[in-house]
Amino acid sequence: MSNISDKVAMVVAGARPNFMKIAPILQEMDRVGLTNVLIHTGQHYDSKMSDDFFEELQIKMPDFNLNVGSDSHARQTAKIMELFEPIITQSMPDILVVVGDVNSTLATALVASKIGVKIAHVEAGLRSFDRAMPEEINRIVVDHISEKLFATSPDALINLRNEGIDDKAEMVGNVMVDTLLNNINRALERPITHSIDKGNFGLVTLHRPSNVDNPNILGEIISALNVISQSLNILFPCHPRTRKQLNNFQLSDAITIIEPVSYMDCIALEANSKLVLTDSGGIQEETTVLGIPCLTLRETTERPITVTNGTNFIVGTKKDNILATFEQVMNKPRLQAKLPEFWDGKASQRIVSSILRSL
Ligand code: UD1
């Protein structure tokens with residue numbers, strides 16, 4: 001290994017689900033003395049979707065903020081590429097580290113690959129096998145142009161093998177779990193600011209365009225939630241995209257809509273809930289670690305280990321299916337999750353050691 005003091009890693013974050021993934025990686029880079037430059041693309045810009053996460057997770061101020069904001073996929077991706085190219089070209093880091101599957105991940109990886117900067121993809125190999133999902137395209141492209149693929153679970157390694165790129169892959173574990181384990185005790189000590197009956201409410205999150213932009217699908221989900229709310233109060237922190245669509249629907253009084261919650265509030269609410277209903281990716285993993293039943297309101301998951309080893313049920317978006325699984329979960333003893341190997345809070349250490357070995 002050459003001297004690390006002259007090596008530079010550039011790390012990218014852009015949207016809400018990225019921030020809790022970069023936090024432990026940056027922390028570990030600082031610990032071992034690897035210089036890091038943080039790029040925020042500005043894909044998410046509301047304080048509740050971005051700033052609050054930086055503050056709570058004590059992430060340093062970004063070295064560059066591209067402030068791209070919301071737009072169509074093509075325009076958002078193109079804007080990030082255009083603004084990112086001069087920054088990376090000027091500093092030519094030794095490695096670009098990207099996480100997850102959002103448009104910021106794709107855009108910055110594409111730029112780096114064209115100018116010959118090595119890319120490390122954290123959370124590689126996840127596949128929903130649904131190419132109508134924008135994140136699926138992002139995952140596939142980023143994995144194929146990256147030099148280092150950091151996988152969270154054995155199924156991800158199998159996917160990478162099936163695509164002929166597992167020679168670049170390593171199983172390192174899950175950085176979301178690092179952040180969860182680092183923060184859950186502190187999160188549970190904080191006073192709960194929402195009026196909930198601890199242990200006896202359902203937590204709902206919903207933001208996928210395929211669910212919330214389609215009135216028929218959103219209608220099915222809302223009518224299932226209205227029925228569920230007759231037996232369990234529901235707390236629904238609402239993504240800005242979803243909020244815009246909800247006005248067209250009648251919601252029961254037992255469903256409380258609130259602003260998006262911060263990371264600490266979110267994990268505390270998950271841990272204190274009776275069950276979670278969500279279309280998020282990361283929440284499927286967090287509920288597995290916390291041992292809370294999760295009903296995933298999608299037809300597929302890119303995180304099957306949360307179903308085979310965890311507490312997750314893929315229920316789709318049809319009212320009857322959601323309600324049938326809800327009844328089943330309410331009437332059965334809780335599942336005990338068998339946590340995947342390496343979901344031990346040390347993924348960032350493995351990632352940073354591997355990066356250092358390769359520089
Ligand atoms: C993005 C990610 C998705 C991730 C989600 C988490 C992609 C393709 N999708 O979806 O994988 O699960 O973030 O939230 O990258 N908006 C605001 N304020 C903000 C951000 C967004 O009002 O700070 C509104 C805007 O109206 C915007 C819409 O939300 O048009 C969607 O934002 P966008 O970043 O395009 O995608 P998300 O749906 O958030």
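The values are calculated or read from the model by the stated rules, or taken from the named source; none is laboratory data. The structure presented is a predicted model; accordingly, all values stated were derived computationally and were not measured. Note that we place each Cβ from the backbone using ideal geometry, even for glycine, and neighbour counts take in every protein chain shown.
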Mind checking which residues of the stretch 37-64 are surrounded by 22 or more Cβ atoms within 10 Å (Cβ to Cβ) and in contact with a helix residue (DSSP H, G or I) (Cβ under 6 Å, 6 or more places away or on another chain)?
-> T41, Q43, H44, F53
Taking only the stretch 104-133 into account, find how many residues are within 21 Å of S70 (Cα to Cα) and either among the aromatic types (F, W, Y) or over 14 Å from the mean Cα position of the chain (by Cα) (or both).
-> 8
Could you check, for the stretch 215-231, whether at least one of its residues is away from the ligand (no atom under 16 Å from the Cβ) and either assigned by TED's automatic domain parsing to the domain that holds A23 or in contact with a Cys (Cβ under 8 Å, 6 or more places away or on another chain) (or both)?
-> no
Quick check: anything in the stretch 258-267 within 16 Å of the ligand (Cβ to nearest atom), touching a strand residue (DSSP E or B) at 6+ places or on another chain (Cβ under 9 Å) and of a type in the set (V, I, T)?
-> yes
When you go through (1) assigned to a loop (DSSP other than H, G, I, E, B); (2) modelled with pLDDT under 95; (3) under 14 Å from D279 (Cβ atoms) one by one for H207, which number turns out not to apply?
-> (2)
Could you run through the stretch 298-310 and say how many residues are modelled with pLDDT of 95 or more, out of contact with any strand residue (DSSP E or B) (no Cβ under 6 Å at 6 or more places or on another chain) and crowded, with 18+ Cβ neighbours inside 10 Å?
-> 5
Within the stretch 79-93, can you find the residues that are out of contact with any helix residue (DSSP H, G or I) (no Cβ under 7 Å at 6 or more places or on another chain) and either buried (at least 19 other Cβ atoms within 10 Å of the Cβ) or of a type in the set (S, T, Y) (or both)?
-> K79, L83, S91, P93
Filtering the stretch 134-149 down to residues that are crowded, with 20+ Cβ neighbours inside 10 Å and closer than 22 Å to S72 by Cα yields E135, N138, R139, V142
Does D167 satisfy the criteria of being in a helix (DSSP H, G or I), in the same structural domain as I351 (by TED's automatic domain parsing) and within 19 Å of the chain's Cα centre (by Cα)?
-> no
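Conditions (1) more than 13 Å from the ligand (Cβ to nearest atom); (2) assigned to a loop (DSSP other than H, G, I, E, B); (3) out of contact with any helix residue (DSSP H, G or I) (no Cβ under 9 Å at 6 or more places or on another chain), marked per residue:
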{"position": "L106", "(1), (2), (3)": "no, no, no"}
{"position": "V111", "(1), (2), (3)": "yes, no, no"}
{"position": "K114", "(1), (2), (3)": "yes, no, no"}
{"position": "E123", "(1), (2), (3)": "no, no, no"}
{"position": "E136", "(1), (2), (3)": "no, no, yes"}
{"position": "R139", "(1), (2), (3)": "no, no, no"}
{"position": "D143", "(1), (2), (3)": "yes, no, no"}
Kindly provide the set of residues from the stretch 192-216 that are closer than 30 Å to I25 by Cβ and over 20 Å from the mean Cα position of the chain (by Cα), ordered by number.
-> I192, T193
Restricting attention to the stretch 288-322, which residues are under 18 Å from the mean Cα position of the chain (by Cα) and part of a helix (DSSP H, G or I)?
-> T288, V289, L290, I305, T306, V307
